[in-house]
Amino acid sequence: MTIIFANRYFHPDQSATSRMVSSLALALARAGEDVAVLTSRELHDGSRKDLPAEEVIEGVRVYRLGTTHFGRRHLPGRLADYLSYHAAAAAWLLRSAQRDDICVMCTDPPMLSVTAALPLRLKGARLVNWIMDLFPEVAIDLGLVKAGGAPARLALALRDWSLRQAAVNSCPIGTMARYLEERGIAPAQLTIEHHWSEANEIYPVKRGYNRLRRAWHYGDELVVGYSGNFGRAHDFSTVLEAAERLRDRQDIRFLFIGDGQQRATVEAQVAHRALGSIKFKPLQPRERLAESLGVADVHLVSLLPALERSIIPSKLYGILAAGRPTLFVGDTAGEVAGVIAEGRCGLAVNIGEGERLAAMISDLADYPDIVANMGANAKALFDAHYTREQGVAAWQALLDGLMAKPETAPVQQGAGG
């Protein structure tokens with residue numbers, strides 16, 4: 001019996017979905033499970049295309065499927081990359097999946113559960129959906145697919161059908177699970193397994209010991225950081241307004257690390273507004289993540305309110321592990337803001353409240369003890385709920401339940417269920 005993961009990116013890729021799948025797959029292999037991964041030969045940033053078609057990484061058999069590689073910059077090319085992965089994965093499953101294998105389908109590319117459902121049924125393997133991002137809702141809410149139109153209705157119907165074929169559908173947040181239950185997915189087919197971060201890779205680094213902070217010429221200023229994907233799901237206008245209101249505060253600086261669809265637009269806005277307090281840096285290598293996240297004294301997280309049911313900003317878990325407070329820009333009544341409030345590890349504002357965000361940042365610069373206390377609370381919240389060990393244990397319990405009774409396996413509730 002093999003546990004098969006399917007996700008477009010895998011180790012050594014450092015994108016959010018890759019880090020989660022790699023963490024779990026490698027941990028399960030270390031625990032003695034037979035693990036295989038279906039992925040592509042690409043890295044998320046497009047920097048390398050020479051990954052081997054097959055290899056074994058720390059006991060995990062990795063099969064890198066041949067797909068197109070137009071990249072992420074333009075939607076038609078991205079769609080071609082998605083479709084070619086769908087076709088290659090379906091063919092591999094039809095050829096190689098065995099009866100009672102547990103096949104964990106992720107959501108990069110979107111709608112993979114639809115493609116996999118029939119091949120897995122034909123082979124007698126079991127489908128588990130790991131829903132990191134909920135499609136087609138993300139595309140609909142971003143205006144990429146017309147809400148209520150025939151394509152949207154068809155995509156929703158097919159996706160819901162594929163979820164009903166699964167032994168279990170794992171959601172990272174309760175908001176997503178409740179939404180799917182409202183769409184008719186049986187509660188017994190839904191479980192909540194929180195995402196996590198790697199404490200051995202991301203941990204608190206004090207100012208005085210942070211080589212990157214020195215190299216990037218930060219001293220005693222309050223550094224407000226954004227680290228990760230500049231994607232369509234994130235709002236930057238509120239942050240830029242706050243930075244503009246704080247332009248005369250020499251003791252406050254902003255640091256944006258990462259890349260994505262909106263980065264060029266954000267850079268253009270920064271130049272147009274002459275916001276010299278904002279500095280841009282590329283994503284840092286894995287071995288420098290702790291220092292990279294530790295450069296900022298407080299981190300920004302943003303999510304459009306319509307996407308609260310569909311996406312969890314995975315950067316939040318790294319921020320918690322780094323022992324840094326979070327300033328959330330999004331739905332102040334939503335789940336992300338609720339986690340931050342309950343953990344007393346940050347503050348939240350609605351999109352468009354740039355003046356309020358600027359006031360919060362100003363207060364944090366004036367009262368560093370508050371920043372320190374929130375940072376300590378962040379690390380305590382991480383240790384209590386979001387370590388890799390807790391996440392892997394929850395998944396292991398879920399998979400053990402499926403292995404115990406292949407034909408009528410019960411759905412196990414994880415740590416967040």
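Give the residue list of GluC sites (Glu not before Pro) in the range 1-77 that are DSSP loop and have at most 13 other beta-carbon atoms within 10 angstrom.
Details: sites: 33, 42, 54, 55, 58; in loops: 33, 42, 58.
Those satisfying the criteria are 58.
Work from the charge dipole of the chain (Cβ charges, +1 for Lys and Arg, -1 for Asp and Glu, about the Cα centre) and give the residue of 377, 103, 239 farthest towards its positive end.
103
Of the heavy-atom accessible surface of the chain (probe 1.4 angstrom), what whole percent is carbon and sulfur?
Values: 9230 of 17240 Å².
Roughly 54 percent, rounded to a whole number.
Work from the charge dipole of the chain (Cβ charges, +1 for Lys and Arg, -1 for Asp and Glu, about the Cα centre) and give the residue of 2, 257, 364 farthest towards its positive end.
2
Under 5 Å between amide H atoms, partner at least 5 residues away or on a different chain: which partners does residue 4 have, H built in plane at 1.01 Å?
Result for residue 4 returns 36, 102, 103, 104.
Tally the DSSP beta bridges in the chain and give the antiparallel ones as a percent, rounded to 5. Walk me through the numbers on the way to the answer.
Working: 5 of 51 bridges.
Antiparallel: roughly 10 percent of the beta bridges in the chain.
Where in the chain are the helices, taken as whole DSSP H runs, whose Cα atoms extend 15 angstrom or more along the long axis and whose Kyte-Doolittle mean reaches at least -1.0?
Details: long enough: 16-30 (21 Å, 0.84); 75-96 (31 Å, 0.32); 112-123 (17 Å, 0.96); 150-164 (21 Å, 0.14); 354-366 (18 Å, 0.25); 368-385 (26 Å, 0.17); 388-404 (23 Å, 0.26).
Flagged H segments are 16-30, 75-96, 112-123, 150-164, 354-366, 368-385, 388-404.
If the chain between residue 366 and residue 54 were fully stretched, how many nm would it gain, using 0.36 nm times the residue separation less the Cα-Cα distance?
106.9 nm
Restricting attention to the range 313-387, which trypsin sites (Lys or Arg not before Pro) occupy a DSSP loop and are surrounded by at most 15 other Cβ atoms within 10 Å? Working shown, then result.
Working: sites: 315, 344, 356, 379; in loops: 344.
Passing sites in the range 313-387 are 344.
Quick check: net charge around residue 194, other residues with Cβ under 13 Å of its Cβ, Lys/Arg +1 and Asp/Glu -1?
On the way: positive: 388; negative: 193, 335, 389.
Combined, the nearby Lys, Arg, Asp and Glu give -2.
Convex hull over the Cα atoms of the chain, averaged projected area in nm²?
On the way: hull surface 76.3 nm².
Average of the hull's projected areas for the chain equals 19.1 nm².
Using 0.36 nm per residue, how much length does the chain from residue 221 to residue 98 gain when fully extended, once their Cα-Cα distance is taken away? Don't jump to the answer; show the numbers that get you there.
Working: separation 123, 0.36 × 123 = 44.28 nm, distance 5.77 nm.
38.5 nm is the gain from fully extending residue 221 to residue 98.
Would you please give the residues with an amide H less than 5 Å from that of residue 352, counting only those at least 5 places away or on a separate chain, with H modeled from the backbone geometry?
For residue 352, the qualifying residues are 238.
Which FRET efficiency value, to the nearest 0.05, do you get for residue 83 and residue 199 by plugging their Cβ-Cβ distance into 1/(1 + (r/R0)^6) with R0 = 56 Å? Could the numbers behind the result be given before it?
On the way: r = 38 Å, r/R0 = 0.67.
In this case the efficiency is close to 0.90.
Given H placed on each backbone N at 1.01 Å, which residues far from residue 41 in sequence or on other chains put an amide H within less than 5 Å of it?
Hits under the 5 Å cutoff: 65, 67.
Pop a pseudo-label 7 angstrom from the Cα along the beta-carbon direction at both residue 122 and residue 178 and give the gap in nm to one decimal.
4.0
The values are calculated or read from the model by the stated rules, or taken from the named source; none is laboratory data. Everything numeric in this text was worked out from a predicted model, so none of it was measured. All Cβ positions, glycine included, derive from the backbone under ideal geometry; neighbour counts span all protein chains shown. We work out accessible area using only protein heavy atoms, side chains counted, and drop any ligands, DNA or RNA first. Shrake-Rupley method; radii C 1.70, N 1.55, O 1.52, S 1.80 Å.
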